[in-house]
Amino acid sequence: MKYQELFTPLSIGNCRIKNRYVMEPMGPAGLADGFGAFNERAIHFYTERARGKVGLIIAGMCYAENVVEWHADGSMPCPTKAPVLFKRTGIELTERVHAYGTKIFIQLSAGFGRVTNRYRPGDRPIAPSKIPYRWDPSITCRPVSTEEVGQIVRSLGEAASIAKAAGFDGVEIHAMHEGYLIDQFAMECCNHRTDQYGGSLENRIRFAVEIVQEIKKTCGKDFPVIMRYSSKSFMKDFGMGALPGEEFVEMGRDLKEGMVIAKMLEDAGYDGLDADVGCYDSWYWNHPPMYFEDGLYLPFNRELKKHVTIPVLTAGRMDDPKVALEAVRTHATDFVGLARPLLADAYLVHKILKGQEEDIRPCLSCQEGCIGRLKKYLHISCAVNPAACREKGFELKKTDMPQKIGVIGGGVAGCEAARVLKLRGHEPEIFEKSSRLGGKLHQAGAPDFKRDDKRLIGWYEHQMKKLEIPVHFDVTIRGEETLSAFDKVIVATGSEPVWISLGQEIPVVFAGDVMEHPEKYQAPFAVVGGGLVGCELALMLAEKGKQVCIVEAMPELMAANGPSCYANRQMLTDLIRFHKIPIYKNSKAWQTDEEGLLIQSAKGTEHVPAGTVVLSVGYRADQELAGKLWEAGKEVYVIGEAKDGSGNILRSIWDAYEIASGM
């Protein structure tokens with residue numbers, strides 16, 4: 001096998017894992033019932049990844065108690081809330097996962113502390129000491145008492161015992177990682193206590209030590225316990241993170257202390273470290289957007305392995321099997337962790353094993369369907385895989401009435417519709433006005449940091465060939481006559497960028513044109529529009545050494561059409577600051593002259609030097625063809641950007657899946 005080392009077994013404690021691939025824990029929003037038990041969605045979700053040949057699943061994150069820190073019913077599983085019901089659903093889950101030779105741990109939380117995003121009116125977030133609440137520094141957290149720490153420790157022991165009885169093979173503690181409650185106790189900047197949990201490093205990690213001791217006492221010394229661990233915080237101040245390569249003074253945990261703590265955790269009895277770097281103040285490190293390189297944690301975990309002998313698990317953009325293989329071969333990690341990539345493709349590991357890499361649906365690191373959706377809707381899924389966490393309800397079934405269906409447009413919406421239609425037994429054909437599939441994704445995927453967008457285009461191209469779906473290129477459909485042979489029509493004609501007239505003194509062009517061919521245009525660049533596209537374009541140009549600025553009518557960047565995930569938004573904003581890109585907020589582009597762009601701001605009329613003005617002010621849906629087909633009496637469905645011009649990949653793919661799966 002090409003990747004044989006990735007499919008060799010290795011143990012965590014006494015638990016033998018069949019290969020090196022681990023499904024990392026993700027907040028299981030939408031996967032619990034009101035009693036804290038796993039719901040049917042959860043069982044199907046994890047079982048599908050076991051079918052996909054993952055060696056170890058870490059089902060996360062579960063609350064251990066609900067008194068010291070309140071959690072809303074139904075938000076996440078909780079073994080101690082209704083133990084009988086938890087065992088009943090947990091046993092069904094673990095039995096099904098074990099049928100595929102996959103092991104399953106459960107991630108148990110000791111609490112969020114200052115980083116929680118929900119607390120009851122009248123309450124305050126908890127923390128080790130009186131420190132600022134992450135999301136509103138005007139709020140000071142309530143210090144937990146010594147007795148409450150003991151209560152949390154006992155709850156974790158009880159929860160682990162219930163999980164063991166439900167068939168789980170081990171537990172992961174959540175977490176001395178990402179700035180959660182145990183991490184806050186361990187960091188000197190957050191812990192000002194004078195009891196046995198404050199002061200010296202030994203005292204600050206006492207919380208974590210007592211947890212593993214309690215679980216080993218209740219579950220036996222051979223029951224594996226691992227820690228989700230961040231060896232460095234990348235924290236400049238409360239609410240301020242540091243970028244890769246940025247010089248700064250570490251306020252949180254530095255790498256030297258991180259190595260010392262890691263050895264102390266091993267000595268305390270932990271059987272493994274699921275390790276990364278970062279904290280909520282530098283949240284993008286723990287939830288890396290596409291602006292990071294692949295395998296971003298490997299340099300830190302390579303150092304970590306020099307200080308501990310227990311297994312190290314590494315996630316963080318590790319879906320490329322070549323990166324994973326090199327990491328295992330060079331002892332940068334023992335296990336390869338995958339979280340979001342297994343949302344995008346449950347069978348990723350199986351496809352690597354079979355040598356079917358071109359068939360792996362790529363994760364875009366957009367975080368629109370996972371973390372962004374979790375925070376907004378309390379339900380995780382995936383932008384490119386609408387069936388993620390909805391496997392049973394979104395299962396594709398063969399139709400009893402095959403039909404010929406014309407799909408107008410070969411962007412992601414059109415390709416997804418055709419793919420689903422074919423899998424259901426219909427006969428779709430795509431009509432694309434250009435000479436390639438992918439639509440605007442070619443432009444959006446032009447920056448180096450958007451390389452996964454190009455992988456998605458390649459995946460759809462491969463699916464069209466594999467499923468033998470006819471694709472007609474360089475064809476413009478103008479009316480019903482070309483489509484007379486089709487029973488139904490899906491219109492996925494996309495949208496057109498909005499034009500504003502600024503004169504012709506210097507070139508005024510669309511963002512997509514500059515994205516794809518920056519070499520054709522003259523710097524400096526003035527980007528009009530500070531949404532996601534405008535900001536990513538400005539970053540791309542700055543990384544190429546081009547002079548660029550952003551002109552935005554709103555008070556903030558990405559106030560409209562920005563990423564839904566805070567990590568992506570925060571990192572992109574920090575990168576724009578890091579590259580010193582000038583930003584003109586509350587400003588409107590007015591007129592070009594021979595030397596640049598005139599703008600109207602609160603200061604009055606200002607002049608912005610520019611050789612090229614780039615428009616990134618939104619898109620307008622193209623519904624002309626749909627209107628003609630409706631008038632001609634065709635059964636027409638409009639999807640993706642052709643419906644609302646949003647330009648959102650999640651919405652385009654999800655609409656296509658919904659419509660095509662119902663035909």
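Numbers below:
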| quantity | calculated |
| --- | --- |
| Net charge, residue 65 excluded, C-beta distance under 11 Å - Lys, Arg +1, Asp, Glu -1 | -1 |
| Rg/Rh (Cα only; Kirkwood hydrodynamic radius) as it applies to the stretch 435-518 | 1.06 |
| DSSP-defined antiparallel bridges as percent of all bridges, the chain, nearest 5 | 25 |
| Efficiency of FRET from Cβ geometry, residue 302 and residue 237, R₀ 25 Å, rounded to 0.05 | 0.30 |
| Equivalent-ellipsoid semi-axes of the stretch 409-562, from the Cα gyration tensor, Å, largest first | 35, 17, 14 |
| Translational D in µm²/s for the stretch 291-382 (Stokes-Einstein at 37 °C, 0.692 mPa s, Kirkwood Rh from C-alpha pairs) | 231 |
| Pairwise label distance in nanometres, residue 603 with residue 559, each label 7 Å out on the Cα-Cβ vector | 1.8 |
| Inverse of mean 1/r across different Cα pairs in the stretch 56-107, Kirkwood, Å | 12.0 |
| Which listed pairs, of 18/306; 351/465; 544/585; 232/263, have C-alpha distances above 22 Å, in listed order | 18/306; 544/585 |
| Helix 532-543 vs. the chain, principal-axis angle (Cα, 0 to 90°, nearest 10) | 80 |
| Separation of the residue 16 and residue 247 label points, Cα + 7 Å toward Cβ, nm | 5.4 |
| Segment residue 509-residue 309, extension gain: residue separation times 0.36 nm, minus the distance between their alpha carbons | 66.3 nm |
| Directionally averaged projected area (convex hull, Cα atoms, the stretch 1-91), nm² | 7.0 |
| Kirkwood Rh in Å, taken over all unlike Cα pairs in the stretch 218-373 | 16.7 |
| Cβ crowding within 10 Å averaged over residues, with 555-561, 88-94 ranked highest first | 88-94, 555-561 |
| Computed FRET value (nearest 0.05) for residue 354 with residue 403, which takes r as the C-beta separation and R₀ as 35 Å | 0.60 |
| Inter-label distance, nm, simple model (7 Å from Cα along the C-beta direction), residue 73/residue 468 | 5.5 |
| Length-normalised contact order of the stretch 104-207 in % [C-alpha pairs under 8 Å, at least 6 apart] | 32 |
| Residue 62 long-range amide H proximity, modeled H, under 5 Å | 107, 108, 109 |
| Under 5 Å, built H, 5+ apart or other chain: amide partners of residue 104 | 57, 169 |
| Summed residue charge, Cβ within 10 Å of residue 344's Cβ, Lys/Arg positive, Asp/Glu negative | -1 |
| Per residue convex hull volume, Cα atoms of the chain, in Å³ | 165 |
| Solvent-accessible heavy-atom area per residue, rounded to whole Å², over the chain at 1.4 Å | 39 |
| Residue-span extension gain [residue 221 to residue 91] - 0.36 nm each, minus C-alpha spacing | 44.6 nm |
| Projected area averaged over orientations for the stretch 360-495, convex hull of C-alpha atoms, nm² | 9.4 |
| Evaluated over the stretch 507-601, the Cα radius of gyration and Dmax, each in Å | 12.7, 40 |
| Residue 118 accessible area, assembled protein chains, probe 1.4 Å, Å² | 90 |
| Fully extended contour minus Cα-Cα distance, from residue 478 to residue 392, at 0.36 nm per residue | 27.0 nm |
| Mean separation of Cα contacts under 8 Å, 6 or more apart, over the residue count of the chain: relative contact order % | 11 |
| Whole-Hz couplings from phi, Karplus 6.51/-1.76/1.60, listed for the stretch 390-404; x for Gly and Pro | 9, 4, 6, x, 9, 5, 7, 10, 5, 7, 8, 10, x, 9, 8 |
| Residue 263-residue 188 FRET efficiency (beta carbon distance; Förster radius 25 Å; 0.05 resolution) | 0.85 |
| Accessible-area composition of the chain, carbon plus sulfur, in percent [1.4 Å probe] | 50 |
| Geometric extent, Cα atoms of the stretch 519-663 - Rg, Dmax (angstrom) | 18.7, 56 |
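The values are calculated or read from the model by the stated rules, or taken from the named source; none is laboratory data. Worth saying up front: this structure is predicted, and the values here are computed from it rather than measured. Every residue, glycine as well, gets a Cβ built from its backbone with ideal geometry; the counts of neighbours run over all protein chains shown. Ligands, DNA and RNA are excluded from the accessible area calculation, which covers all protein heavy atoms including side chains. Shrake-Rupley method; radii C 1.70, N 1.55, O 1.52, S 1.80 Å.
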